[in-house]
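Okay, so here's the structure we're looking at.
No value in this document is a laboratory result; all are computed from the given coordinates. Computed from a predicted structure; not experimentally measured. All Cβ positions, even for glycine, are placed from backbone atoms using ideal geometry, and neighbour counts span all protein chains on display.
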2 protein chains.
Amino acid sequence: MNSSYTQRYALPKCIAISDYLFHRLNQLNIHTIFGLSGEFSMPLLDKLYNIPNLRWAGNSNELNAAYAADGYSRLKGLGCLITTFGVGELSAINGVAGSYAEHVGILHIVGMPPTSAQTKQLLLHHTLGNGDFTVFHRIASDVACYTTLIIDSELCADEVDKCIKKAWIEQRPVYMGMPVNQVNLPIESARLNTPLDLQLHKNDPDVEKEVISRILSFIYKSQNPAIIVDACTSRQNLIEETKELCNRLKFPVFVTPMGKGTVNETDPQFGGVFTGSISAPEVREVVDFADFIIVIGCMLSEFSTSTFHFQYKTKNCALLYSTSVKLKNATYPDLSIKLLLQKILANLDESKLSYQPSEQPSMMVPRPYPAGNVLLRQEWVWNEISHWFQPGDIIITETGASAFGVNQTRFPVNTLGISQALWGSVGYTMGACLGAEFAVQEINKDKFPATKHRVILFMGDGAFQLTVQELSTIVKWGLTPYIFVMNNQGYSVDRFLHHRSDASYYDIQPWNYLGLLRVFGCTNYETKKIITVGEFRSMISDPNFATNDKIRMIEIMLPPRDVPQALLDRWVVEKEQSKQVQEENENSSAVNTPTPEFQPLLKKNQVGY
Amino acid sequence: MNSSYTQRYALPKCIAISDYLFHRLNQLNIHTIFGLSGEFSMPLLDKLYNIPNLRWAGNSNELNAAYAADGYSRLKGLGCLITTFGVGELSAINGVAGSYAEHVGILHIVGMPPTSAQTKQLLLHHTLGNGDFTVFHRIASDVACYTTLIIDSELCADEVDKCIKKAWIEQRPVYMGMPVNQVNLPIESARLNTPLDLQLHKNDPDVEKEVISRILSFIYKSQNPAIIVDACTSRQNLIEETKELCNRLKFPVFVTPMGKGTVNETDPQFGGVFTGSISAPEVREVVDFADFIIVIGCMLSEFSTSTFHFQYKTKNCALLYSTSVKLKNATYPDLSIKLLLQKILANLDESKLSYQPSEQPSMMVPRPYPAGNVLLRQEWVWNEISHWFQPGDIIITETGASAFGVNQTRFPVNTLGISQALWGSVGYTMGACLGAEFAVQEINKDKFPATKHRVILFMGDGAFQLTVQELSTIVKWGLTPYIFVMNNQGYSVDRFLHHRSDASYYDIQPWNYLGLLRVFGCTNYETKKIITVGEFRSMISDPNFATNDKIRMIEIMLPPRDVPQALLDRWVVEKEQSKQVQEENENSSAVNTPTPEFQPLLKKNQVGY
Ligand SMILES: Cc1ncc(C[n+]2csc(CCOP(=O)(O)OP(=O)(O)O)c2C)c(N)n1
Ligand SMILES: Cc1ncc(C[n+]2csc(CCOP(=O)(O)OP(=O)(O)O)c2C)c(N)n1
């Protein structure tokens, strides 16, 4: 039992650097590696088979592999991606950039040509033909927190440790080039008996003290406070500290779209999702009029998409980023937030609070009961699906209408939400779903009693087409997610944003989506095409359907010009306001307000239900 | 008839810069634009619908769109790709890098956030969240011959002209960022009445004279000469000049894998494909013992892949690159090769030639007649398919076994070969096939009498999975290529290179490939699964099959461990040699020679036929 790692795995004294690398990952419970093979990475991949707990996902293309590593990392703290020089790594870069933007820990290992070829600047396959072997490394450095090449035989083990630590702690991509001839550099296996030191730096006590006392004084004074929980709460593993802080302060708690799934949404303190300019009125009422806001795991304090603007109105904000704090106008760099939160909790004296707790209005819209033969609409689907969610679910929503719709749902306890709200690369979620399924499989196995997490994906039909082949990898591994294809015949968010045009660039080829599982070789599956409210209702009330014992693909038929109501309502108001401003300023006519086309649908909707 | 462009299109005096851009493309007969829409590119795309001759391909993802623009450009001289900021452009970059490496003219337009957001460093959707709007532009500059942003209202029309000219003349990608608020910058339409000046620079007469006289003296003196036709012959539009030079010199003519399809392979002068170390003995005999080699449209004089090394043995080489000449050891930069070749032809005096013409041995292997029930093998398929090719075919072969197999075929006159021999990004050809089909459709329409070009794609099953969704775009447009899926149950080239391992990273999920067309909504198609020699023979002798009146998908079943014979034979020799060298040097044991596993198949093959 107390045997050392090298004893348990019966390792020889001397092992290859690539063995070492994979053992290090194994020690962090990273058991699935993503990517595609290539001539410069095969000798590295061979080593992976030396470790019993490790598997090679074998993705269908590199972009999907990067998305999958990202989804996996969001559950397990680190995702490892292996691609081949040039063609492979560049295919993946959009996915890696997404991990960078959204603070997700990724170790990206690139199998490179032998160092001799690089030194001689040979004209090789997968180069630009100009003898420049540094270009891809240079490109990668723009979307990585650290990059390196494994070339020095003395330092390579330190380097491997450093890469893994950085990706893990900073929650960003790290790029590691591994020349094919370096794969066997010898390393003393005994190093593995000292676990990687993943401890956070102690904070400077002086700085910490100042920050804590200032934050506490805001906390004590505030009469209309709000806690906002953002993306990095799960990435930096602050969930327990956040829970305790919320419980003890009793402040109204909100999540950002990226933070959704990190707090208990059934708690009476929970006020809903803060989506800036398109938040529900109950949410804006509290957040916009707060005299103090503490944002935990803050990713961005301001943020714009074409459909909403996200900004805190009060100047009294404590923004707890991953590794720094901004308090009103003061910035405090180099702080571990986890340690800081622990100290705040240790020093917090609830008796000093000025705030009088009050229950937040329920976010849950009363269940509407339209007739069974009414056709489905976004608004109804998103409200209704909440009732089907279970504790422990992993809920993945794609950029497009789903990312907005999900903000109308309420998550049960211990639910994780995955979406790419900042980077917003369409197609991401098919890969992320694969990665999350792998992670869940491993978590279920590690835990006794096994907690059954369901992975539930909502993906627009347009998005689905970008990355469809990763469904095949899901099938290959016999994974069992729920895949809801929201079929509104094209890019509806684009239609909505830009609906004046008679253009066709948001139309897509109509597929027989449900036929794909069979074509991809799946034998044990269930498919459903859901058109009416009645069909939807009977699906979500069927207990068999609720058990994730096989892959299930559900095509939800929706009108092409329908978007979630919340989005539409708010957006109309927004645009009207900005139109007024613009007209005052310059009498411009270039503002897009929804034309009457959208209005009839809106009305019908309201009448129908 | 003699009306000006603006009259013909009834253009107002003042048009938007984006209209101007699309009219310029229209003037160069570029009628299809590739890409995916996004919020920052939609206002630009709207303009495209103002021009009757222009269509928006609407690809399934951006990487495929870049591949398609590349395939289109290889036939039409320029491909235009439009993507959206960050997510779109990075998804495409591997395809653009391929165009850069392989000298293909691409205009990549990226729809960007408004300049005001960039100046204020707003935290926007599709950014890395750090306010840096320059990062993607910077990344693009590594794989472009020119990059720019459309921001200056005075210079923007000049800038658009410059971008198009550069992409066209230099045959490399150009990157043009178009902020969404700049789309309507006003331009005088009258500029369009002056065609773009795409004339090549006149060469410096002194330099030109020296080069011509030196080349001619080599030409006259040589007794064992060879002409090698490489990739840039088609890219730089040197086909006519090359044809005349070959006709008049009567030298033995070879093509590189990337040059295949640019000379008449039925001519007795034609000696075959020079693939360096794995060339056929008849080819090496001439090329390796030549006392003078002239390489037209040279891309790389030396080049290595994992399966072959490509190098000219003689020191007496005239390498005619795109814009420079290397003659023995002297380099002459800044030369237009087209003008140079024309001058060489003007000065050439055939009476001074020392070379005695002799016919090259026929490359065509005698047709073997195995029994009809013999299972298919690579070797036989590639020899046999030559008999089915027709003049005017566009033959596209994917990285992997197909790229080698095709070198064993002989192309009829006026055939174009498309493959990515240098960059070698697997999956490329599905996009390239779409692009080539669009181009062919336009060429067929422009020409009277219409020449019917068939587009024929050979793609490994592994490669097919990387980019499968682009098949849907082919279906959407009712295009009619032949798609041969070479099903050997995975990555056979990898199996071959690295066959010692018992790893599974070259296995792939078995799909019902032929079921895909229906799932993608295709109604008019033909599919075939070909397992035996007899089935193959009856397919290629069926005249109905030879007419490209509908999309045809043919699954060719091949053994997992089978590769084209030529590749295998040579490779064994090569590796044996390098093994001997290595053993002499260092007594190393790390060389991969095919294990006995491959041998039985080889023997069976030879016996079977
Ligand atoms: C890689 C990438 N390409 C393009 C875009 C632009 N874009 C944003 S939403 C969208 C359409 C998504 O359509 P669909 O998945 O059907 O969702 P819907 O809008 O119908 O909900 C596109 C193409 C993007 N965000 N990412
Ligand atoms: C984008 C990209 N990823 C990975 C590779 C490495 N690679 C080279 S060949 C190959 C396998 C191709 O398999 P298949 O298309 O089935 O062809 P076969 O080898 O069976 O002929 C792979 C993955 C690559 N060249 N490009």
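Across every pair of different alpha-carbon atoms, what Kirkwood hydrodynamic radius in Å does the range B:281-327 reach? Hydrodynamic radius (Kirkwood, Cα only) of the range B:281-327 equals 11.5 Å. Legend: mean number of C-beta atoms from other chains within 10 angstrom of residue C-beta atoms, peptide B:323-336, equals 0. Scattering from the C-alpha atoms of chain B alone, worked out with Debye: what is log10 I(q)/I(0) at q = 0.06, 0.09 1/Å? Debye curve over Cα of chain B, log10 I(q)/I(0) at q = 0.06, 0.09 Å⁻¹: -0.34, -0.77.
Using alpha carbons only, how many angstrom separate the centre of the range B:19-59 from the centre of the range A:203-219? Computed from Cα coordinates, the inter-centre distance equals 56 Å.
Ordering A:452-461, B:551-560 by mean Cβ neighbour count within 10 Å, with the highest value first, yields A:452-461, B:551-560.
Amide H contacts for A:His309 (H built 1.01 Å from N in the peptide plane; partners 5 or more residues away or on another chain; cut-off under 5 Å): A:Ser277, A:Ile278. Panel order for B:Thr262, A:Thr305, A:Thr148, by other beta carbons found within 10 Å of each beta carbon, from fewest to most: A:Thr148, A:Thr305, B:Thr262.
Charged side chains reduced to their Cβ positions (Lys and Arg at +1, Asp and Glu at -1) give the protein assembly as shown a dipole of some 1120 debye around its Cα centre. Exposure proxy shown here: for A:Ser217, B:Ser277, the number of other Cβ atoms within 10 Å sets the order, fewest to most, as A:Ser217, B:Ser277. Fewest neighbouring Cβ atoms within 10 Å first, the residues A:Arg284, A:Arg24 line up as A:Arg284, A:Arg24. Pairs over the 24 Å Cα-Cα cut-off, from the set A:Lys528/B:Lys529; B:Lys221/B:Lys243; A:Lys76/A:Lys328; B:Lys243/B:Lys326: A:Lys528/B:Lys529; A:Lys76/A:Lys328.
Cross-link partners for B:Lys13 among the lysines, with Cα-Cα distance under 26 Å and sequence neighbours closer than 8 places in the same chain left out: B:Lys47, B:Lys162, B:Lys165. Per-residue ellipticity at 222 nm, computed for the protein assembly as shown from helices alone with -39500 (n - 2.57) per DSSP H run of at least four residues, works out to -11000 deg cm²/dmol. Summary of the geometry: the range A:531-568 and the range A:62-104, compared by the centres of their Cα atoms, lie 30 Å apart. For A:Tyr321, the shell of other residues with beta-carbons less than 14 Å away shows a net charge of -1, using +1 for Lys and Arg and -1 for Asp and Glu. What is the distance in Å between the Cα centroid of the range A:305-340 and that of the range A:153-187? About 32 Å separates the Cα centre of the range A:305-340 from the one of the range A:153-187. Please state the shape class of the range B:378-439: rounded when a/c is under 1.5, otherwise prolate if a/b exceeds b/c and oblate if not, all from the C-alpha gyration tensor. Oblate, since a/c reaches 1.5 and b/c is not below a/b. Placing a label point 7 Å from Cα along the Cα-to-Cβ axis, A:Arg214 is separated from the same position in the other copies by 7.0 nm, shortest listed first.
Using only the Cα atoms of the range B:3-191, build the gyration tensor, take square roots of its eigenvalues as a ≥ b ≥ c, and label the shape rounded, prolate or oblate: rounded if a/c is under 1.5, else prolate if a/b is larger than b/c, else oblate. Judged from the Cα gyration tensor, the range B:3-191 comes out oblate (a/c at least 1.5, b/c at or above a/b). Give the shape of the range A:84-204 as rounded, prolate or oblate, defined through the alpha-carbon gyration tensor: a ≥ b ≥ c are the square roots of its eigenvalues, a/c under 1.5 means rounded, and otherwise the shape is prolate if a/b is larger than b/c and oblate if not. Cα axes put the range A:84-204 in the oblate bin. Near B:Lys476: Cβ cut-off under 13 Å, other residues only, Lys/Arg at +1 and Asp/Glu at -1. The net charge is -2.
Against chain A, whose longest principal axis comes from its Cα atoms, helix A:17-27 is set at around 40 degrees. Which percent of the Cα-Cα distances in the protein assembly as shown go past 53 Å? Result: 24 percent of Cα pairs exceed 53 Å.
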